[in-house]
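Read through the structure below, which is laid out as structure tokens, and then see the notes.
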Amino acid sequence: MSERQEIYDRIRAAGGRDKVILEEMIRKGFWKPGTAETAIPEALLKREAELVSDLRSLTAQQRRYQDREAALKEMRRERLAESRRKQKETEERREQERQARTAAWERRKQDEILHLGDEGSANLNQLESHHDRLARHGLPDFATHRILAQAMLTNVGELRFLAYGRKVAKFSHYRRFLMPKKTGGHRLISAPMPRLKQAQHWILEQILNKVQVHEAAHGFLRERSILTNASPHVGASLVINLDLRDFFPNITWPRVFGLFHALGYSRSVATIFAQLCTEPPVEEVELDGQTWQVATGVRHLPQGAPTSPAITNLLCRRFDARMAGIARKHGFAYTRYADDLTFSSKSGDRDAGRKVLWQVRRVIEEEGFHLHPDKLRTLGKGRRHDVTGLTVNESLSVPRNDVRNFKALLHRMEKSGPVGCTWRGCGDRILARVGGFANYLMMVDAARHADLHKRAMALLKRHGFQPEIRHPAKRQGPPPFPTPSAPPALPSSEASTGLLGKIRRWFGGK
């Protein structure tokens, strides 16, 4: 580039020739800026340069606007470029905000349980506990979901998975099967899968077992049994046995939630505990080659969960107090073993018995339970008085027919072996059943049944039977998180057909 061209570029950049001349004069010492002689000319030169620059800008704009179509096109181009720039900035800002929200949501999910299904999420943000109630019962307090999960030796994600209420699922937290009853028919047992069972055992040991129950309750409690339940009725002249129908299904989710909340836990923690300790009635439906677990009703206590008996004992504290008050008023003794109620009187007053029954029926209805009409028995003098399978006429003893049948079973097995033998209608695991009943006899009356127990143990030893000894492993930390397998299918009912339409609608099918 020539020296002349450099001078032209400099003049163009400076805004005029005079300004370049002034700069050169200052550089070479002919002009001293800031003095009185140079102040006014310098200001005039600066103002002239500004006016020349503005004039050139206006001239360029005028030249551009002389062509109307070109001017409009240029304006549109500028507006479009500005719009695209703003749009890109907006997209970038929204993407950053979305990523921030996603990261914040992931952090919250690591620390909080925010949703447990349509029916179990209303109170999850309410974490205010009643500290005085918890302290009165000696129960642990949990300020956050993370603290609760850590106390249960798990993490928030698994706790959410175990407590989540699904209307339709491919898996179940329970293995369901039918168990025959002594009186005929079958009882549905819902056995929790290992991870849920461990969580329920924690609730049982750390919370439920620490709360005092009524002294009339004897079922599923330490240092209480069918013996302590039957003992108050030994030698009575009148015994009244009652049974509550559908005992566990009648304890629904709101009552379980209310129990934990009444103990002092926040609505959020009480909701999680209620979800862990209840299950809905379920139908298994085959659809498109897959088996679906469909919830068909209100969540209730499952018969088979370790927490269910303890929850019923706590929920029945007022029920037991009212029943004990009725019994005491009329001179009766009262005990309850799960859903079996027993009243007895030494006097044998039938009129008092009728008054007790009338008041008991009313209390049962008021407490939300239902009396089983086929299992109400009033046993007077001359009858065998049975209380939870034991005879209590003169002393605690096993019914004679049961002992005789057991002796006959031992005789057959000693002669022919266990093949083909049954006990109380069941032939599977006969040796285990023999050992269990022999230990039961020793528990009731060791002196009377020592010989039978000795024969039974010798028989088991002869056939090489060893009782199973289970040592539950202690969990050291959160386990891996595999997808649980589906439970064995139960016999499908006629109602399953009506559920197919629901599933298709839930999954967008026709």
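The values are calculated or read from the model by the stated rules, or taken from the named source; none is laboratory data. As the structure is a computational prediction, the values presented were derived from the model and not from experiment. As a convention, Cβ positions derive from the backbone with ideal geometry for all residues, glycine included, and neighbour counts pool all protein chains shown. When the accessible area is computed, the model is the full protein with side chains, heavy atoms only, and any ligands, DNA or RNA have been set aside. Shrake-Rupley method; radii C 1.70, N 1.55, O 1.52, S 1.80 Å.
Taking L314, is it more than 30 Å from L390 (Cα to Cα), at pLDDT 95 or above and not in a strand (DSSP E or B)? Show your work before the answer.
Working: more than 30 Å from L390 (Cα to Cα): no; at pLDDT 95 or above: yes; not in a strand (DSSP E or B): yes.
No.
The lone criterion from (1) over 20 Å from V211 (Cβ atoms); (2) touching a residue at least 60 places away in the same chain (Cβ under 8 Å); (3) touching a helix residue (DSSP H, G or I) at 6+ places or on another chain (Cβ under 9 Å); (4) of a type in the set (G, A, S) left unmet by A327 is number (2). Just one residue in the set F369, F343 is open to solvent by less than 30 Å² (accessible area, probe 1.4 Å), in a loop (DSSP other than H, G, I, E, B), within 27 Å of F220 (Cβ to Cβ) and in contact (Cβ under 8 Å) with a residue 12 or more places away in the chain; that residue is F369. One residue stands out in the range 372-396 among those that are open to solvent by 100 Å² or more (accessible area, probe 1.4 Å) and part of a loop (DSSP other than H, G, I, E, B): the one that is modelled with the lowest pLDDT, namely K381. Scanning the range 266-297 for residues that are among the aromatic types (F, W, Y) and in contact with a Phe, Trp or Tyr (Cβ under 7 Å, 6 or more places away or on another chain) yields one hit, F273.
Say we look at the range 202-229 and pick out the residues that are of a type in the set (S, T, N, Q) and in a loop (DSSP other than H, G, I, E, B); which of these is most open to solvent (accessible area, probe 1.4 Å)? I'd like the intermediate steps shown before the answer.
Taking the range 202-229 first, the residues of a type in the set (S, T, N, Q) are 206, 209, 212, 225, 228-229.
Pick out the ones that are also in a loop (DSSP other than H, G, I, E, B) and you get 212, 225.
On the way: Q212: 134, S225: 32 Å².
Applying the filter and picking the extreme gives Q212.
Selection of the range 282-310 for residues being in contact with a helix residue (DSSP H, G or I) (Cβ under 6 Å, 6 or more places away or on another chain) and assigned to a helix (DSSP H, G or I) yields only A310.
Pick from P281, P232, P254, P249: which is free of Cβ contacts under 8 Å to residues at least 12 places away in the same chain and either among the hydroxyl-bearing types (S, T, Y) or open to solvent by 40 Å² or more (accessible area, probe 1.4 Å) (or both)? Talk me through it step by step, then tell me what you get.
Details: P281 fails: free of Cβ contacts under 8 Å to residues at least 12 places away in the same chain; P232 fails: free of Cβ contacts under 8 Å to residues at least 12 places away in the same chain; P249 fails: free of Cβ contacts under 8 Å to residues at least 12 places away in the same chain.
Step by step, each of P281, P232, P254, P249 is checked, and only P254 is free of Cβ contacts under 8 Å to residues at least 12 places away in the same chain and either among the hydroxyl-bearing types (S, T, Y) or open to solvent by 40 Å² or more (accessible area, probe 1.4 Å) (or both).
For first residues located in the range 377-399 and touching a residue at least 60 places away in the same chain (Cβ under 8 Å), partners that are among the aromatic types (F, W, Y) and part of a strand (DSSP E or B) and lie 6+ apart or on another chain with Cβ distances below 6 Å form the pairs T388/Y337. Could you tell me whether the range 397-417 includes any residue that is outside any helix (DSSP H, G or I), surrounded by fewer than 17 Cβ atoms within 10 Å (Cβ to Cβ), in contact with a strand residue (DSSP E or B) (Cβ under 9 Å, 6 or more places away or on another chain) and modelled with pLDDT under 95? The answer is yes, given that some residue of the range 397-417 is outside any helix (DSSP H, G or I), surrounded by fewer than 17 Cβ atoms within 10 Å (Cβ to Cβ), in contact with a strand residue (DSSP E or B) (Cβ under 9 Å, 6 or more places away or on another chain) and modelled with pLDDT under 95. Determine, yes or no, whether V363 is surrounded by fewer than 18 Cβ atoms within 10 Å (Cβ to Cβ), at pLDDT 95 or above and part of a helix (DSSP H, G or I). Yes.
Checking Q87, Q126, Q150, Q96 one by one, the residue that is within 30 Å of L263 (Cα to Cα) and open to solvent by 70 Å² or more (accessible area, probe 1.4 Å) is Q150 and no other.
Give me the residue from the range 418-447 that is farther than 19 Å from A458 by Cα and in a loop (DSSP other than H, G, I, E, B) and, out of that set, farthest from the chain's Cα centre (by Cα). Let's see the steps before the verdict.
Let us first name the residues in the range 418-447 that are farther than 19 Å from A458 by Cα, namely 420, 424-428, 444-445.
Next cut, in a loop (DSSP other than H, G, I, E, B) only: 420, 424-425, 427-428, 445.
Numbers: G420: 44, R424: 37, G425: 37, G427: 37, D428: 35, D445: 43 Å.
In this case the residue turns out to be G420.
The set of residues in the range 311-329 being open to solvent by 10 Å² or more (accessible area, probe 1.4 Å) and either β-branched (V, I, T) or closer than 28 Å to A199 by Cα (or both) consists of L315, R317, R318, I326.
For S83, the stated conditions hold: it is assigned to a helix (DSSP H, G or I) and either among the hydroxyl-bearing types (S, T, Y) or at pLDDT below 90 (or both).
Before we move on, is R108 surrounded by 14 or more Cβ atoms within 10 Å (Cβ to Cβ), part of a helix (DSSP H, G or I), in contact with a Leu (Cβ under 9 Å, 6 or more places away or on another chain) and charged (D, E, K, R)? So that I can check it myself, show each step before the final result.
Values: surrounded by 14 or more Cβ atoms within 10 Å (Cβ to Cβ): no; part of a helix (DSSP H, G or I): yes; in contact with a Leu (Cβ under 9 Å, 6 or more places away or on another chain): yes; charged (D, E, K, R): yes.
For R108, the condition - surrounded by 14 or more Cβ atoms within 10 Å (Cβ to Cβ), part of a helix (DSSP H, G or I), in contact with a Leu (Cβ under 9 Å, 6 or more places away or on another chain) and charged (D, E, K, R) - is not met.
Can you work out which of the residues in the range 418-453 that are open to solvent by 80 Å² or more (accessible area, probe 1.4 Å) and either among the small types (G, A, S) or at pLDDT 90 or above (or both) is farthest from L227 (Cα to Cα)? Top of the filtered list is D451.
If I filter the range 263-281 for residues that are of a type in the set (S, T, N, Q) and part of a strand (DSSP E or B), do I get at least one hit? Explain how you work it out, then say what you get.
Kept after step one, since they are of a type in the set (S, T, N, Q), are these residues of the range 263-281: 266, 268, 271, 275, 278.
From the residues that got through so far, the ones that are part of a strand (DSSP E or B) too are none.
No, the range 263-281 has no match at all.
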